[in-house]
1. Where a Cα-Cα gap under 22 Å defines reach, which lysines qualify for Lys88, not counting those fewer than 8 residues away within the same chain?
2. In the neighborhood of Asn85, defined by Cβ-to-Cβ distances under 11 Å, what is the net charge if each Lys or Arg adds +1 and each Asp or Glu adds -1?
3. Would you mind putting 76-83, 34-41 in packing order, based on average other-beta-carbon counts within 10 Å, highest first?
4. For the stretch 62-70, in order, what is each residue's ³J(HN,Hα) by Karplus, 6.51 cos²θ - 1.76 cosθ + 1.60 with θ = phi - 60°, in whole Hz (x at glycine and Pro)?
Amino acid sequence: MVTRLGVLLIAAGLVFAQAPDRVDAVARDQVSMKLALDRDVRGNGIQVTVKDGVATLEGRVNNAKARDKATKLAKKVKNVKNVVNHLKLPDEK
C-alpha cells in the first residue's frame, strides 16, 4: 500500500528532476526580457537559449555597443553562469 508520504516523495523527486530545465527556462525568459527592454540593445530579434546555465545569444544588433551590452545584461541574470555571444553587426555575414 502506498502512503501519502510515499506519493509526495515521488512527486517531489519528479519536480527536482525537472528543476535544471525549469531554471534554464526562467533564465532564458529573464535574459530575453532584459534584452528586449534595453534601449541600446532593443533585443526583440535576438534568440536566447540557456542550457546548464550557459546563455547563447544569436541574431543581429545595430552596433558593437549593443553587442557588448547584451552580454553584460545576460551575465546579470540569476543562474546564468556564462554567456556565448554570437550576435552579428549589420555588416557581418
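1. Counting by Cα, and skipping residues close in sequence, Lys88 has these lysines nearby: Lys34, Lys51, Lys65, Lys69, Lys72, Lys75, Lys76.
2. Values: positive: Arg67, Lys69, Lys72, Lys75, Lys88; negative: Glu58, Asp68.
Computed value for this residue: +3.
3. Numbers: 76-83: 14.9, 34-41: 16.5.
Order by mean packing, descending: 34-41, 76-83.
4. 3J(HN,Hα) across the stretch 62-70, in whole Hz: 6, 7, 5, 4, 5, 5, 5, 5, 4.
Bear in mind that the values in this text are calculations on the coordinates, not laboratory data. Worth saying up front: this structure is predicted, and the values here are computed from it rather than measured. Please note: Cβ atoms are built from the backbone with ideal geometry, for glycine as well, and neighbour counts cover all protein chains shown.
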